[in-house]
Every structure is written in structure tokens, then in C-alpha cells.
Amino acid sequence: MPTISVKRDLLFHALGRTYSESIHSFIVLAAGGILTAEGSPGRADEEFDELCFEFGLELDEVTSEKDIISREQGDGKADGASEVVLYKIDVPANRYDLLCLEGLTRGLLVFKNRIEAPRYTRVGPLNGDMEKLVITEETAQVRPHAVAAVLRNIKFTKDRYDSFIELQEKLHQNICRRRALVAIGTHDLDTISGPFSYTAQPPSEIKFKPLNQSKEYTAIELMDLYRTDSHLRHYLHIIEDKPVFPIIYDSNGIVLSMPPIINGDHSKITLNTRNVFIECTATDRTKAKIVLDTIVTMFSEYCEKPFTVEAAQVIYPNEDMYTYPEMGYRKEILSTDFINKRVGISETPDSLAKMLTRMHLTSKVIENGAQIEIEIPPTRADIIHPCDIVEDAAIAFGYNNIKMTVPKAYTVANQFPLNKLSELLRQDMAAGGFTEALTFALCSQDDIADKLSKDLAKTRAVHIANPKTAEFQVARTTLLSGLLKTVAANRKMPLPLKLFEISDVVLKDPSKDVGAKNERRLCALYYNKNPGFEVIHGLLDRIMQLLDLKPGKESGYYMQAAEDSTFFPGRCAEIFALGESIGKLGVLHPDVITKFELTMPCSALEIDIEPFL
């Protein structure tokens, strides 16, 4: 879930109240305020937390910029930082309309019936022709789609400007998939002139002054410049291996942006900007339309004519012409029984219509109360199925208000057989004097290969594509390395150490849909001044006794000598049961023990328990 940070004072002011630090009280600015109780700041925090819960959000933290810096960098770094109270709010990943202060407060005010949902309108230019963005055929090699719109006569303040930039960043990280699907560019329209051209050129031919830089760079130089930038370096891979880079020019050859990396400095927006040209380049046009609709609907509130957006034309290489933003309204019709049955309530049609209207889905009853017509605005791109509407009805009704009922369908639950077997074995392993360990399912490549004297290529390991740490590079293929690391961390404990674990390992398997499979294994380890092979061997016999298997090659279990680089030569045996190999046991090789920073001999057992189901 994305987390947004909003200033408490700005939020309460937008919701109809302010907070005074001097008198420590809240003052209602309008009748029927959302948060009505006066008192301490803590009480208001609690009330807002309750409101968030009702609306399907979560107030994650009440903090400040100073507190954040102190926590992350130490008190010394926080000197001079702002102490303005911030609310950190967790927002559902599909509610793009709640990722900024404007959308959040608008949604809450509609939810509490303080205002009606605004009507968003696309208009043409007052004077002159519509702004045009012409796409050339070269863009097909990198980012073939684009959409555009204009926010005309908008008025920014510092807080509005910050919110405008923050929304773009939240969208980039969320629906835009870190700019891979969509990249947003915003420009001061009064500093550039259309028609605009969206093309792609070899990087050596692109040269412009990027945002907040003092000189011009070629695209190749920009890639080197931003390779160490903590923010922009994460996006370079999107285009750096392409033969051409996307670029947007105005009619005078001025560079607006080189998506998805950086905008040009010439057209940057400021607090004095009155007209904003917004372009979104994309590999997915549907996502681009959603992103554009979200931005313009959120900030058209500050235009001279609120909630109106000036359209722009986008012309493709095949001369297909599209007008954006679409900002389309559509209607869905659901029966009242459909909603009531799936939520588990018995509300009247009028009540259901009012509940959905509170969720920004303007609704009315039709056909004598049998059905409800729901109008879905352009801000609610998350509504893609009737069940999404039902979910909003449940939120508006209140999940805590839904009465618990016994299901009419009679079913009997049963424990998953593999888990049941695991639990039974755990109890008897513990009764045998072994202590259970629970280790990480991810580990380093060395843990399953080099330290166990194995070849990594032969381990059938599933690798993590972008590991954040060297400790978690692959999914474990054995439980043994985790137990050895546990022993290494507990070397000061009295000997002997007897550990076991019953968990899953992950192995590559081309026959499976996902290319890998889980395998439930039992691993036990004995660590002492002597190897204790007889202890592990005795444990195996006890396990087989519990599984009702007797020694024998036909329908029982048996062992035969085997060679394994993890075990000491001549001290390893392969275990067979029910006619198939299920694992190995033996005394670990001294090299293995040393690589795990242990000094005592060790014997181990690892078997697959799934064949015994």
C-alpha cells in the first residue's frame, strides 16, 4: 500500500477545521464538521484515525520531518528541520485518486456528505487552436504512446505546488511501475509554443539543459551524470540500451523532456506558472490515460473555472487523432439484491444508493427500486467489476456493522495432510530431545553451494532477480545450511546441540506452471565433541517407526553407502524408503564445518517427508 504524508494543519483546514498550537484546541470552521470534538491534539488524531478506518484507510503514523530525520540519521542531523505535524496515511494501491491531499480531502468530504462529488468537464481552448502533440514513427522503438492536456489559469501556492509534484512521484512509483509503463512531464505552457513533437533520436544527437542544471548536456553525458544520482539512477535502465532515446520538442526546437528520465529546465513550472501543459509518454496507453485523468482531475480544482480541463490533440504516425484527457463517465446497473446478498446486509434501495454516492459513485434508484444506476467518474479507475462497487457499498455501510451469521452451506474443515504429518513429527522430534529451529527461506548462494562444497549450477536453486542483500540471494534448496548457521550463532550454549527443522525448500522444476516446486523436508543435526552418528541413525529409525515402516527393501526402508561432498568420505549413507531415495545422513566434512565457523564434529540427516503421505 502506498503511504502519503500530509500536513495536519492543511488537512484539517481542507476538512473544515484548524488546529491552534497556542490554545491546544480545534476550532470547527463550518457547521457539520467532520471532526467535531474539541480538545487535545491527541484526541483529534484519534478521531481522524477512526475516520480513516471508516473510509478504508489507515493512519499509519503521526510524526514530523524533524522526528523522521532524528530517527533515520540521529538527533544531530535534525537541527533546524520542520516540526510541522505530518500524518502518514496508508492508501489502497488501486485508489490513485487518494494519493494527494486534494483527492483525499475531496473523498472524505463527499463520504461525510459535506459536499457533492464535483463534475469534471473537458473544454476546448478559449482562444486559438487546441494544443497538439505529434508522435513520429521513431518512437515505436522505445515508448510509442503519449497523451496530453492543459490546466489553464491555475493558481499555485507553495503547498499546492508541493502536492502537485508529490502526486506525480506517487503515480510514478505505483501505476507507472517506476516509470517503466508511464512517465509524466509537466511544463509551463507560457514558456513554450506548440505544436509539440514527440520523437526519438540517437543519444548523441540530443542536447539540452536538464532540470535544475546550469549547462547543456548530450543524452550520453546525462546518462553518466545521473548514474550516481540517488533518485534518477533507478530509471536509466529503461532506455539506456535502446538505439534511440525519446525526446519532446516544441515548435521552436526547445526540449520539453527526455522521458522517462528528466524534464528540460526551460519549461519548468514554478509558483508563478499559470498554464500547465501535461504530457505522459507510455508503453501502455490505458495506464497513460488513467494517469493523465488522475492528475488533471485532482488539480483542476485550482483552475479559474474549477474542475475544467482544456483538451489537447495527440496525432499518431498513421494520422490517427485522439483528444485527451478522456475523463469519461460510464454507468453500471446493479440489482439491490445483488449488492445486499454479497455484502450480507438488508438495506433499502435508497439507502444503498446513498451509501454508494458517499463513495464518489453517484447513484440513483431505477425500475421501482429493483435496480440501482451507478455513475463511475474518471477518478475511479479502480472500478472494473461489479464486485468493486459491492466493496464500496460494504465500506460505506461499515464492516463492523455487518452482522455475523452462520453460513447456510454446511462444510467440514480438515487439516492439510502434509501439515498434519509435519505437526505429528514435530511433537515426536521434540520428545526425542531435539529443539526446533525456524530459519529463513531465503539465503545466500554460498550457503547452499560453496559452504556445503556443492556446485551452484547443480543445486536447482531459484534465484532472486533483484536481491536487496547478499544474505537473501536464492530460495533455499536445503535446510542443513540454516541449521548450521543457527548452531554457529549459539556456540556458547552447553553441548550437545540437537536441532531439527521441518519446512519447505524450493527447487526448480520445468514441469510446474511456475517453473519451481516446494518440497517439505525434515532435517536434524547433532553437534558435540564427538560426531554422534549413532544419535542421528537412531533418530532415523525412530522416525521410520513412527511412520510404520520396517527395515527392508521391498516395502520398508534401508540405507546404502553413498558419496556426497558435504559429508566425510565413507561416513555418508543414502536413505531409501518405499522404493525411492528420500535423503541422506552422515558425518559432515570438516571443510563444511569450518566454513560455517564451527569447531566440533557434526552429523546430520535430511529427508523428504512427502512420499509418506
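The values are calculated or read from the model by the stated rules, or taken from the named source; none is laboratory data. Note that the structure is a prediction, hence the values are computed from the model and not measured. Don't worry about glycine lacking a Cβ; one is built from the backbone with ideal geometry, like all the others, and counts go over all protein chains shown. These area figures cover heavy atoms from the full protein model, side chains too; ligands, DNA and RNA do not enter into them. Shrake-Rupley method; radii C 1.70, N 1.55, O 1.52, S 1.80 Å.
For the reader, a short list of remarks on this structure follows.
One line per residue, one yes/no per condition, for (1) touching a residue at least 24 places away in the same chain (Cβ under 8 Å); (2) touching a Leu at 6+ places or on another chain (Cβ under 8 Å):
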{"position": "Ala465", "(1), (2)": "no, no"}
{"position": "Ser481", "(1), (2)": "yes, yes"}
{"position": "Thr486", "(1), (2)": "yes, yes"}
{"position": "Asn490", "(1), (2)": "no, yes"}
{"position": "Val506", "(1), (2)": "yes, no"}
{"position": "Arg521", "(1), (2)": "yes, yes"}
{"position": "Pro551", "(1), (2)": "no, no"}
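So that you can scan it fast, the table gives a plain yes or no per residue for (1) under 30 Å from the mean Cα position of the chain (by Cα); (2) hydroxyl-bearing (Ser, Thr, Tyr); (3) crowded, with 18+ Cβ neighbours inside 10 Å; (4) under 20 Å from Arg119 (Cβ atoms):
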| site | (1), (2), (3), (4) |
| --- | --- |
| Lys341 | no, no, no, no |
| Pro349 | no, no, yes, no |
| Ile384 | yes, no, no, no |
| Gly398 | yes, no, no, no |
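- The number of residues in the range 312-350 that are outside any loop (DSSP other than H, G, I, E, B) and of a type in the set (Asp, Glu) comes to 3.
- Filter result (of a type in the set (Ser, Thr, Tyr) and farther than 18 Å from Lys242 by Cβ) within the range 163-209: Ser163, Thr186, Thr191, Ser193, Ser197
- Counted residues, the range 403-425 - those being open to solvent by 50 Å² or more (accessible area, probe 1.4 Å) and either on the phi > 0 side of the Ramachandran plot or touching a residue at least 60 places away in the same chain (Cβ under 8 Å) (or both): 3
- Qualifying residue in the range 572-582 (condition: over 49 Å from the mean Cα position of the chain (by Cα) and not acidic (Asp, Glu)): no
- Annotation: Thr139 fulfils all but one of (1) of a type in the set (S, T, N, Q); (2) in a loop (DSSP other than H, G, I, E, B); (3) in contact with a strand residue (DSSP E or B) (Cβ under 7 Å, 6 or more places away or on another chain); the unmet one is (2).
- Leu495 vs. criteria in contact (Cβ under 8 Å) with a residue 12 or more places away in the chain and surrounded by 15 or more Cβ atoms within 10 Å (Cβ to Cβ): no
- As a summary of the residue check, Ser481 satisfies the conditions (1) buried (at least 19 other Cβ atoms within 10 Å of the Cβ); (2) under 26 Å from Pro611 (Cα atoms); (3) of a type in the set (Gly, Ala, Ser); (4) out of contact with any helix residue (DSSP H, G or I) (no Cβ under 6 Å at 6 or more places or on another chain) except for the one numbered (4).
- Among the residues listed as Leu109, Leu126, Leu86, the single one being modelled with pLDDT of 90 or more and either open to solvent by less than 50 Å² (accessible area, probe 1.4 Å) or of a type outside the set (Val, Ile, Thr) (or both): Leu109
Rundown of residues vs (1) within 31 Å of the chain's Cα centre (by Cα); (2) within 20 Å of Asp97 (Cα to Cα); (3) touching a residue at least 40 places away in the same chain (Cβ under 8 Å), yes/no style:
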residue: Leu232; (1), (2), (3): yes, no, no
residue: Asn252; (1), (2), (3): no, no, yes
residue: Pro259; (1), (2), (3): yes, no, yes
residue: Gly264; (1), (2), (3): yes, no, yes
residue: Val276; (1), (2), (3): yes, yes, yes
residue: Glu304; (1), (2), (3): no, no, yes
residue: Thr308; (1), (2), (3): no, yes, yes
residue: Pro325; (1), (2), (3): yes, yes, yes
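- The range 588-613: number of residues that are within 30 Å of Lys420 (Cα to Cα) and free of Cβ contacts under 8 Å to residues at least 60 places away in the same chain: 1
- Hey, Gln168 closer than 23 Å to Thr283 by Cα, open to solvent by less than 50 Å² (accessible area, probe 1.4 Å), among the polar types (S, T, N, Q) and within 32 Å of the chain's Cα centre (by Cα) or not: yes
- Of the listed requirements (1) at pLDDT 75 or above; (2) open to solvent by less than 30 Å² (accessible area, probe 1.4 Å); (3) more than 26 Å from Ala394 (Cα to Cα); (4) not β-branched (Val, Ile, Thr), Leu15 misses just one: (3).
- Scanning the range 363-379 turns up no residue that is closer than 30 Å to Asp97 by Cα, open to solvent by less than 100 Å² (accessible area, probe 1.4 Å) and part of a helix (DSSP H, G or I).
Every residue, every condition in (1) in a helix (DSSP H, G or I); (2) open to solvent by 60 Å² or more (accessible area, probe 1.4 Å), yes or no:
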residue	(1), (2)
Asn94	no, yes
Arg122	no, yes
Val134	no, no
Ala146	no, no
Phe156	no, no
Arg160	yes, yes
Phe164	yes, no
His172	yes, no
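- Selection from the range 54-73 of residues that are at pLDDT 85 or above and assigned to a helix (DSSP H, G or I): Glu54, Phe55
- On the stretch given as the range 543-584, residues that are in contact with a helix residue (DSSP H, G or I) (Cβ under 7 Å, 6 or more places away or on another chain) and surrounded by fewer than 13 Cβ atoms within 10 Å (Cβ to Cβ) total 1.
- Single residue of Ile262, Ile239, Ile269 found to be at negative phi, surrounded by 16 or more Cβ atoms within 10 Å (Cβ to Cβ), aliphatic (A, V, I, L, M) and touching an Asp or Glu at 6+ places or on another chain (Cβ under 9 Å): Ile269
- Meets criteria (open to solvent by 50 Å² or more (accessible area, probe 1.4 Å), farther than 24 Å from Gln173 by Cα, at pLDDT below 85 and in a loop (DSSP other than H, G, I, E, B)) for Gly76: no
- Residues in the range 199-217 include none that are within 30 Å of Asp382 (Cα to Cα) and either open to solvent by 20 Å² or more (accessible area, probe 1.4 Å) or assigned to a strand (DSSP E or B) (or both).
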